[in-house]
Structure formats: C-alpha cells, structure tokens
1. Filter segment 209-257 for residues that are of a type in the set (Lys, Arg), touching a strand residue (DSSP E or B) at 6+ places or on another chain (Cβ under 6 Å) and more than 26 Å from residue 150 (Cα to Cα) and give the result.
2. Mind listing just one residue for me: the one in segment 128-167 that is touching a Ser or Thr at 6+ places or on another chain (Cβ under 8 Å) and either at pLDDT below 65 or among the small types (Gly, Ala, Ser) (or both) and, of those, least open to solvent (accessible area, probe 1.4 Å)?
3. Can you work out which of the residues in segment 225-264 that are under 19 Å from the mean Cα position of the chain (by Cα) and hydrophobic (A, V, I, L, M, F, W, C) is nearest to residue 8 (Cα to Cα)?
4. Go through the residues of segment 174-193 one by one and say whether even a single one is out of contact with any strand residue (DSSP E or B) (no Cβ under 6 Å at 6 or more places or on another chain), at pLDDT 90 or above and closer than 22 Å to residue 235 by Cβ.
5. Six or more apart or on different chains, Cβ under 8 Å: which pairs go from a residue in segment 166-192 that's free of Cβ contacts under 8 Å to residues at least 24 places away in the same chain to one that's of a type in the set (Ser, Thr, Tyr) and open to solvent by less than 40 Å² (accessible area, probe 1.4 Å)? Could you list them?
6. Just one of (1) in contact (Cβ under 8 Å) with a residue 24 or more places away in the chain; (2) among the β-branched types (Val, Ile, Thr); (3) surrounded by fewer than 18 Cβ atoms within 10 Å (Cβ to Cβ) trips up residue 58, so point out which.
7. Only one of these conditions is not met by residue 211: (1) open to solvent by 30 Å² or more (accessible area, probe 1.4 Å); (2) over 24 Å from the mean Cα position of the chain (by Cα); (3) within 25 Å of residue 271 (Cβ to Cβ). Which number is it?
Amino acid sequence: MISKYLKQPYPIHFNKWKLIVSISLFIGIFILIFQPFGLSDVNGTYKSVFLLGYGVVTFIVLVVNLVIVQKLFRKWFESWTVLKQICWLTWLIFCIGLSNFIYTAILSNHWNWQIFILFQFFTLVVGLFPIVILTILNQNRLLAQNFKLANEFNQSLNENPNENKHELITLLADNEKDSLEIELSDLLYIESNGNYIEVYFINENQLKNVLLRSTLKRTELQLEPHPSIIKCHRAFLVNASKITQVKGNTQGLRLALKHTDTEIPVSRNLSKSLKDKLNSDRKSVV
C-alpha cells in the first residue's frame, strides 16, 4: 500500500524563484534571530552580516539544484513520483546543511567533523518530518484539485458533440517545398520534436505520423484559420474535437484522444484557454 502510494506521480516545477528566495530569506533570518549551533558565541562587528550569509549560501545551493540541475536533467525530472520528491527534498536539505557547515568552517578556520555530523543530524531531523508531511498533503491537494478540474472539462466534452467539418489543411515545412495535406477531421495532434514536428493523423482507419522540418510556433500560425486546433502544452497542438476525456492527477491534466492511447499533457498556464475553447464549442452547438 505504501509502496504503491510512493510510486504515484508528483508534479515538479522548474525555475522556482519565489520558493528559492523565500527559503533563503527564512534561513538567513532564522539563523540571525535564533543563532543555533553555538553561533550565539560568535562576536565581531560584522556578526549580523556573517549570520545572514547562511541565507546567501542557501540561495546558491537552491539555484544550483532547482534551476541548473533541473534544467540539465529535465527529462529525468519529468517522470516524477512522491518517493522521488521526498528523496529530492532530503537531498536539498543535506546540501544546505553541508554548504552551511563549509561556510562556517571557512570563516572560523575550524574544521570539526563532529560539528559537521551535528549540522547534518539536526538539519535532517528538523527538516525530514515536515518534508514527508507537506509532500503528502500537497499531493492529496493537487490530486483533488486536478480531479475536480478534469470533471469540469469532461462536462464540456459530454455536452459538446461537435466534430470537424471536411476541411483540407496544408502544413508547409521550413523549406516551403515539403508539405503534408490532410483533412482536418483526420488530424489528432502535433508534437514538437526539436527542429521538427510530428503530425499524427488517421488514414484509412490507421494511426499515421509524418515528420516535417518546422517549428511548433510556425505550424500554429499556419493553423490559425482552424480554431479547433489549440495549443495545450509547449510541445503539443491538439485537435479539440478529438478529445474524448480529460484526466486529472497530481501532475496536472492529460487529454485522451480518439484513435490513440497516447495521452497529451496540458500546461497549467494553457488549461484556461482549452476550457474556454471547449465551452465556446458547446455554446455554438447549443
């Protein structure tokens, strides 16, 4: 039961600058006020600057891990789970404890590994319990929130039997020579793949895909005359008339489409435009 729960998906967001600044300020101010680990014995004109330096060290550690590391290993972070989140936050606490110990040792010129162990022990003991609790609470909150949002989307789908008319669309590659011509009613979705796009469509009742050298942005502009094609994610355009179900989990919303088992992710900042599109289609049918 526990192992199954720990394997559940968990959202991880990139470039958490607000989180980085908040934690860094909290640690800097906390150290300044309470002066733990014998820091109250420190004297000197620049004691306050020294104590606030712990916040600066924390800021650097968080930037390295939450911005640089997550950007370099983005694909590894995409398949994120509750267990990975707990381990990742534990690692962050360890890095913060280690860096602050090194900061203390350099300025005091006193390297004491017993103090290092004490630093890490108290940091992990104090931080691990709230990490587990907050991860579980946040996971349950996001699951309920996205499940409710998915139900609202599905109501729009159930009341919207609209289907594309027989319209012919032409997608041109960057060289303006290669192209793909299909009926709009056959198009399922388009995925960005580096400098290429993969177009997924139905041909003779079979799922096909064609690779074209073009950007998703360029393709989106070409399909502007067809409002049923909407951007739901930075890497996906989807034919709204092909959506059969909207699913919600802790990582957000995913779209189930006709004729394919592939589920398309929905970006949080694009979910409103998708919902507005489905609602407008429903009203036009009514």
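The values are calculated or read from the model by the stated rules, or taken from the named source; none is laboratory data. These numbers were taken from a predicted model, which means no experiment stands behind them. Virtual Cβ from ideal backbone geometry, glycine too; neighbours counted across all protein chains shown. Only protein heavy atoms, including side chains, enter the accessible area calculation; ligands, DNA and RNA are left aside. Shrake-Rupley method; radii C 1.70, N 1.55, O 1.52, S 1.80 Å.
1. Correct list: 213 only.
2. Among them, the one singled out is 164.
3. 253
4. So far as segment 174-193 goes, yes, one or more of its residues are out of contact with any strand residue (DSSP E or B) (no Cβ under 6 Å at 6 or more places or on another chain), at pLDDT 90 or above and closer than 22 Å to residue 235 by Cβ.
5. Sorted first by the residue in segment 166-192, then by its partner, the pairs are 166/185.
6. So the condition that residue 58 fails would be (3).
7. Failed condition: (3).
Each row is one residue, and each column tells you yes or no for (1) of a type in the set (Val, Ile, Thr); (2) under 30 Å from residue 144 (Cβ atoms).
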site	(1), (2)
24	no, no
28	no, no
67	yes, yes
70	no, yes
89	no, yes
